[in-house]
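The values are calculated or read from the model by the stated rules, or taken from the named source; none is laboratory data. As the structure is a prediction and not an experimental result, all values here were calculated from the model. A quick note on method: Cβ atoms are made from the backbone with ideal geometry, for glycine too, and the neighbour counts reach across all protein chains shown. Surface accessibility is based on the protein's heavy atoms, side chains included, excluding ligands, DNA and RNA. Shrake-Rupley method; radii C 1.70, N 1.55, O 1.52, S 1.80 Å.
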Amino acid sequence: MRDVAVVGVGMTDFGELWGKSLRTIWAEAALAALADAEVQKIDLITIGCMSPGLFVGQEHLASLLADELGMAGTAASRVESACASGGLALRTGFAEIASGLSDTVLVTGVEKMNDVDGADATYALGTAADQEWEGFHGITFPGLYAMLARAHMQRFGTTVEQLAAVAVKNHANGLLNPHAQYHLKLTIESALASTMVADPLRLMDCSPVTDGAAALVLTTVEKAEKLAGHRPIVKISGSGLATDTISLANREDLTELKAVRLAADRAYAMAGKKPEDLDVVEVHDCFTIAEIMATEALGLFEPGKGAQAAEDGLTAIGGKIPVNTSGGLKSKGHPVGATGVAQVAEIATQLRGEAGDRQVAGAKTGLAQNMGGSGGSSIVHILEVAS
Amino acid sequence: MSVGIVGYGAFIPRRRIKLEEIAKVWGADAPSYKRGLQLHEKSVPGADEDTVTMSVEAARNAFARSGGVDPVEVGALYVGSESHPYAVKPSGTIVAEAIGATPDIHIADFEFACKAGTESMFVAQALVRAGEVKYAIGIGADTSQGAPGDALEYSAAAGAAAFIFGDDDDRNLAEILATYSWTTDTPDFWRREYMHYPRHGSRFTGEPAYFRTTMSSAKGIMEKNGLKPGDFAHAIFHQPNGKFPMRVGKKLGFTNEQLETGWLSPWLGNTYSGASPIGLTAVLDIAKPGDLVLITSFGSGAGSDSFVLRVTDRVEEVRDLAARTRPQLDENQIYVDYGTYAKLRGKIRMAE
Amino acid sequence: MISPGRSWREFPQRYRLEAEKCTVCGKIHYPPRVTCSKCGARTFESLVLPREGKVVTFTVVRVPPAGFTEQTPLPVAIVEVMDGVRLMVQIGDVADPDEIEIGMPVRLEFRRISSDGEAGLIFYGHKAVPRLDA
């Protein structure tokens with residue numbers, strides 16, 4: 001396998017982008033990454049997008065978007081794994097280069113969620129669950145994660161205050177991210193007073209509905225060395241992909257995100273790394289409880305200790321292991337297909353030392369964890385500065 | 001060989017609304033309504049309950065008491081209601097599918113205002129008697145509506161009763177000794193297609209409709225079979241409110257003791273096609289072997305079906321194998337206010 | 001968004017709680033599937049799930065999906081009916097959602113789950129209701 005590097009990073013603002021269509025936001029992110037990378041030739045475009053069909057009535061993005069970029073003729077592929085579609089687009093690009101099929105890949109993720117109303121967006125997101133045996137009963141995504149939260153609270157004593165602490169931290173980080181959807185200072189009190197969405201999760205425990213796109217350019221480390229200039233070369237040293245049962249009723253242990261654990265194990269093995277080696281992490285905080293459970297599944301904290309760790313500030317910028325310096329899905333926004341790519345954009349930016357006020361000093365090794373549905377799939381990538 | 005009930009069951013939803021709650025909204029004088037109608041409260045179906053769901057649960061209770069009748073042995077199933085969930089598509093097929101009685105089965109939905117339940121029973125037991133089927137099920141169930149602010153709003157309630165009929169002497173818990181129906185065209189109460197709520201002839205619904213019809217039916221069955229009121233341990237009449245069944249019972253010569261077990265309307269309301277059938281289940285819950293029971297229904301339009309039954313020994317062995325009726329009525333109620341009631345009954349205009 | 005054909009196909013599971021048991025390792029699947037999720041075998045015998053169980057975890061959905069507005073607030077739970085057999089169901093007949101607890105004994109009752117608007121089909125299934133005599 002060849003070594004793969006990230007040489008270009010780009011994203012749009014995340015938010016309610018009423019004036020821009022899916023193809024426009026996608027193209028803007030792609031062009032930003034291409035400008036950052038200064039590569040000459042793209043062999044493949046990968047696109048992570050959960051459901052352009054349900055959100056904007058459009059499929060066949062491979063053709064549409066390659067064309068949009070003036071690159072009709074280039075190989076292109078849209079991949080899907082619900083909210084892990086972006087991570088899967090990265091995995092696909094990584095594998096193409098590692099295997100020698102492609103030299104340079106434009107990895108992208110996009111979702112345009114605001115062209116449908118709330119009920120239709122909820123329905124589209126709901127297709128990430130088991131439509132027949134979960135969705136049929138009227139459950140929503142907040143509802144599924146609320147059930148996981150309740151099981152975690154029952155077993156480990158996790159509290160709603162600890163959930164709120166995760167939201168407060170992520171909003172504090174989001175204030176430092178110019179692309180974030182929300183720039184608001186959240187307090188524990190106002191988080192706990194926000195509208196109940198699905199007991200015990202409130203509005204401030206839930207990531208928003210967002211339009212946005214993000215992109216990366218990958219190439220071989222060998223080529224990257226010629227392009228890098230004085231910037232550190234960011235290598236993808238580990239990639240892990242895993243699934244778990246789609247429906248919660250079939251989960252072995254409702255307090256564990258097994259897909260995350262398996263994906264992480266595979267990524268750590270490939271990279272030759274352990275949780276202690278990580279300097280900065282982006283996790284899939286579609287809901288506050290998801291961040292807590294993901295940090296446990298990644299081995300950053302023991303099972304049941306993730307909530308206390310967040311409350312104690314261990315995951316803040318400057319803490320023992322900063323999590324979601326970008327603001328996470330909670331304040332940055334969650335344009336579903338783009339999230340996995342945006343997470344890696346943040347890690348690459350951190351490893352390049354270009355994260356400004358969000359910078360984790362001396363970050364050399366980072367991890368991004370992307371997840372689909374209620375933990376039915378997960379993709380983990382480990383990046384490090386190549387020496 | 002005699003035809004009888006081999007299994008019976010009732011289902012009453014848990015929610016209730018008190019008369020005062022309804023009266024408050026319309027500025028009506030609750031105490032006088034309560035006295036006049038002899039009603040205190042009524043059952044309210046949840047948004048997830050309808051004629052079909054209640055029929056399924058009532059039927060399941062009936063099977064629990066049937067000594068192991070296999071649903072595939074049922075040759076006919078009828079559901080009588082004036083609130084079938086579909087205008088076109090039978091309730092009976094859904095019920096039969098849910099209890100596992102399809103596909104070797106005859107199914108039809110019945111309709112005749114409040115007597116659709118006893119009609120189902122009438123036809124079901126007749127098929128068994130004719131030797132056409134081994135077992136047949138007759139169900140009466142309703143979630144009827146009363147127009148907001150109308151007198152019927154105080155009484156229109158929800159409930160179901162199901163009876164499995166067979167000719168197994170070993171399984172019969174009550175034999176059907178006689179049946180009789182008295183029917184004329186009497187336009188006391190009606191609902192035109194596409195209208196939400198029924199209309200009625202006010203005081204015309206009393207003497208010329210309810211009383212004339214039920215008395216003729218009850219007198220008719222007694223005369224034809226050489227029976228007098230004193231021969232019966234229990235009598236159940238259709239109960240559109242608390243007052244009418246008591247008055248007709250007394251006029252015919254029945255006592256309070258004979259009438260009170262099957263008299264549920266003051267706390268249940270009028271469950272329309274379920275009314276006298278549910279009353280019958282309450283009687284079967286406590287009747288003694290050898291008791292003679294009269295049940296006389298009434299359906300506007302108008303008609304009345306009467307049955308004379310004799311309770312057997314077996315009733316004592318099986319009555320506790322499923323939820324009894326009176327506890328369903330008297331225990332674990334969930335009281336709702338008028339706003340919740342209106343929401344549950346679809347009286348609030350929702351967004352399209 | 002459930003077609004007549006799809007709703008009809010699901011009746012054995014929705015209406016009668018029909019499940020399947022692997023003849024090789026004994027794992028029970030509800031709903032049934034093509035291969036055993038535990039041992040991969042493809043031979044099964046049918047069974048009907050019991051209608052009594054307990055709540056494993058739950059939530060109360062306050063922001064409903066389309067089609068469930070009238071049923072809000074909507075309690076939904078994972079209920080375990082026999083060792084290891086779990087299913088997702090709504091919880092019905094609860095006066096106050098605060099009374100729902102993990103471990104609460106429930107009974108499965110036939111109920112209306114949703115409908116395709118005022119003019120479309122009605123979808124029936126089972127809901128869990130509190131088992132008050134347990």
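State the number of residues belonging to the stretch C:14-71 that are among the small types (Gly, Ala, Ser) and in a loop (DSSP other than H, G, I, E, B).
We begin by selecting, within the stretch C:14-71, every residue among the small types (Gly, Ala, Ser); these are C:19, C:26, C:37, C:40-41, C:46, C:53, C:66-67.
Cutting the leftovers down to in a loop (DSSP other than H, G, I, E, B) gives us C:26, C:37, C:40-41, C:66-67.
Going through the stretch C:14-71 one residue at a time, the tally reaches 6.
Kindly provide the set of residues from the stretch C:47-71 that are open to solvent by 30 Å² or more (accessible area, probe 1.4 Å) and either facing chain A (nearest Cβ under 10 Å) or within 15 Å of the chain's Cα centre (by Cα) (or both), ordered by number.
First pass over the stretch C:47-71, keeping only residues open to solvent by 30 Å² or more (accessible area, probe 1.4 Å): C:47-48, C:50-52, C:54, C:62-64, C:66-67, C:69-71.
Of everything in the stretch C:47-71, those that are open to solvent by 30 Å² or more (accessible area, probe 1.4 Å) and either facing chain A (nearest Cβ under 10 Å) or within 15 Å of the chain's Cα centre (by Cα) (or both) turn out to be C:Val48, C:Pro50, C:Arg51, C:Glu52, C:Lys54, C:Arg62, C:Val63, C:Pro64, C:Ala66, C:Gly67, C:Thr69, C:Gln71.
Which number in (1) away from every other protein chain (no Cβ under 14 Å); (2) over 19 Å from C:Trp8 (Cα atoms); (3) more than 14 Å from the chain's Cα centre (by Cα) marks the one condition that B:Ile107 misses?
Of (1) away from every other protein chain (no Cβ under 14 Å); (2) over 19 Å from C:Trp8 (Cα atoms); (3) more than 14 Å from the chain's Cα centre (by Cα), only one is false for B:Ile107: (2).
Could you list all residues from the stretch B:106-149 that are basic (Lys, Arg) and in a helix (DSSP H, G or I)?
Result: B:Arg129, single match.
Looking at the stretch B:72-79, can you tell me whether even one residue there is at pLDDT 95 or above, open to solvent by 20 Å² or more (accessible area, probe 1.4 Å) and within 14 Å of chain C (Cβ to nearest Cβ)?
yes
Go through (1) in contact with a Phe, Trp or Tyr (Cβ under 9 Å, 6 or more places away or on another chain); (2) closer than 26 Å to B:Ala87 by Cα; (3) touching a residue at least 24 places away in the same chain (Cβ under 8 Å) for B:Glu193 and report which single condition fails.
If we test B:Glu193 against (1) in contact with a Phe, Trp or Tyr (Cβ under 9 Å, 6 or more places away or on another chain); (2) closer than 26 Å to B:Ala87 by Cα; (3) touching a residue at least 24 places away in the same chain (Cβ under 8 Å), just (1) comes out false.
Would you list the helices (runs of 4 or more DSSP H) that sit entirely within the stretch B:1-67 and hold 1 or more residues that are touching a helix residue (DSSP H, G or I) at 6+ places or on another chain (Cβ under 7 Å), open to solvent by less than 10 Å² (accessible area, probe 1.4 Å) and within 14 Å of chain C (Cβ to nearest Cβ)?
The helices (runs of 4 or more DSSP H) meeting that bar are B:51-64.
Here is a list: B:Asp291, B:Asp305. Which entry is of a type outside the set (Phe, Trp, Tyr), touching a residue at least 12 places away in the same chain (Cβ under 8 Å) and touching a Ser or Thr at 6+ places or on another chain (Cβ under 7 Å)?
B:Asp305
Is it true that A:Cys83 is in contact (Cβ under 8 Å) with a residue 12 or more places away in the chain, open to solvent by 10 Å² or more (accessible area, probe 1.4 Å) and under 28 Å from A:Ala290 (Cβ atoms)? Break it down into steps so the answer makes sense when it comes.
Details: in contact (Cβ under 8 Å) with a residue 12 or more places away in the chain: yes; open to solvent by 10 Å² or more (accessible area, probe 1.4 Å): yes; under 28 Å from A:Ala290 (Cβ atoms): yes.
Yes: the conditions hold for A:Cys83.
Output yes when any residue across the stretch C:105-112 is at pLDDT 95 or above, on the phi < 0 side of the Ramachandran plot, open to solvent by 20 Å² or more (accessible area, probe 1.4 Å) and within 12 Å of chain A (Cβ to nearest Cβ), and no when none is.
Yes, the stretch C:105-112 contains at least one residue that is at pLDDT 95 or above, on the phi < 0 side of the Ramachandran plot, open to solvent by 20 Å² or more (accessible area, probe 1.4 Å) and within 12 Å of chain A (Cβ to nearest Cβ).
Identify, please: which residue in the stretch A:202-234 is surrounded by fewer than 22 Cβ atoms within 10 Å (Cβ to Cβ) and in a strand (DSSP E or B) and is, among those, nearest to the other protein chains (Cβ to nearest Cβ)? It would help to see each step written out before you state the result.
Of all residues in the stretch A:202-234, those surrounded by fewer than 22 Cβ atoms within 10 Å (Cβ to Cβ) come to A:203, A:208-209, A:220-223, A:225-233.
Subset that is in a strand (DSSP E or B): A:220, A:233.
Values: A:Thr220: 40, A:Ile233: 44 Å.
Step by step, filter the stretch A:202-234, then rank; the result is A:Thr220.
Based on this model, can you work out whether B:Ser304 counts as under 30 Å from B:Leu252 (Cα atoms), of a type in the set (S, T, N, Q) and in a strand (DSSP E or B)?
Yes; evaluated as a whole, the condition is true for this residue.
Yes/no per residue for (1) open to solvent by less than 20 Å² (accessible area, probe 1.4 Å); (2) touching a Lys or Arg at 6+ places or on another chain (Cβ under 9 Å):
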site: A:Phe136; (1), (2): yes, yes
site: A:Leu144; (1), (2): yes, no
site: A:Arg150; (1), (2): no, no
site: A:Arg155; (1), (2): no, no
site: A:Thr159; (1), (2): no, no
site: A:Leu163; (1), (2): yes, yes
site: A:Val166; (1), (2): yes, yes
site: A:Asn177; (1), (2): yes, yes
site: A:Pro200; (1), (2): yes, yes
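Go through the stretch C:117-132 and count every residue that is of a type in the set (D, E, K, R) and part of a strand (DSSP E or B).
Here the count works out to 1.
Being more than 30 Å from A:Thr195 (Cα to Cα), assigned by TED's automatic domain parsing to the domain that holds C:Leu132 and not charged (D, E, K, R) is the requirement here; does C:Val61 meet it?
On the way: more than 30 Å from A:Thr195 (Cα to Cα): no; assigned by TED's automatic domain parsing to the domain that holds C:Leu132: yes; not charged (D, E, K, R): yes.
In short, no.
Test of understanding: among A:Ala66, A:Ala124, A:Ala151, A:Ala129, which residue is in a loop (DSSP other than H, G, I, E, B), small (Gly, Ala, Ser) and either within 15 Å of A:Ile25 (Cα to Cα) or within 14 Å of another protein chain (Cβ to nearest Cβ) (or both)?
Of the residues listed, the single one that is in a loop (DSSP other than H, G, I, E, B), small (Gly, Ala, Ser) and either within 15 Å of A:Ile25 (Cα to Cα) or within 14 Å of another protein chain (Cβ to nearest Cβ) (or both) is A:Ala129.
Give the number of residues within the stretch B:115-135 that are aliphatic (A, V, I, L, M), more than 12 Å from B:Ala62 (Cβ to Cβ) and touching a residue at least 40 places away in the same chain (Cβ under 8 Å).
Residues in the stretch B:115-135 being aliphatic (A, V, I, L, M), more than 12 Å from B:Ala62 (Cβ to Cβ) and touching a residue at least 40 places away in the same chain (Cβ under 8 Å): 6 in total.
Working carefully through the options A:Val380, A:Val385, A:Val360, find the one that is assigned to a strand (DSSP E or B), β-branched (Val, Ile, Thr) and open to solvent by 10 Å² or more (accessible area, probe 1.4 Å).
A:Val385
So which of A:Glu256, A:Glu276 ends up being closer than 30 Å to A:Ile188 by Cα, out of contact with any strand residue (DSSP E or B) (no Cβ under 6 Å at 6 or more places or on another chain), outside the structural domain of A:Glu222 (by TED's automatic domain parsing) and free of Cβ contacts under 8 Å to residues at least 24 places away in the same chain?
Selected residue: A:Glu276, the only one of A:Glu256, A:Glu276 that is closer than 30 Å to A:Ile188 by Cα, out of contact with any strand residue (DSSP E or B) (no Cβ under 6 Å at 6 or more places or on another chain), outside the structural domain of A:Glu222 (by TED's automatic domain parsing) and free of Cβ contacts under 8 Å to residues at least 24 places away in the same chain.
Considering only the stretch B:143-152, how many residues are surrounded by fewer than 24 Cβ atoms within 10 Å (Cβ to Cβ) and either modelled with pLDDT of 90 or more or touching a strand residue (DSSP E or B) at 6+ places or on another chain (Cβ under 9 Å) (or both)? Steps first, please.
Going residue by residue through the stretch B:143-152, those that are surrounded by fewer than 24 Cβ atoms within 10 Å (Cβ to Cβ) are B:145-152.
So of that shortlist, the ones also either modelled with pLDDT of 90 or more or touching a strand residue (DSSP E or B) at 6+ places or on another chain (Cβ under 9 Å) (or both) come out as B:145-147, B:150-152.
Final tally of qualifying residues: 6.
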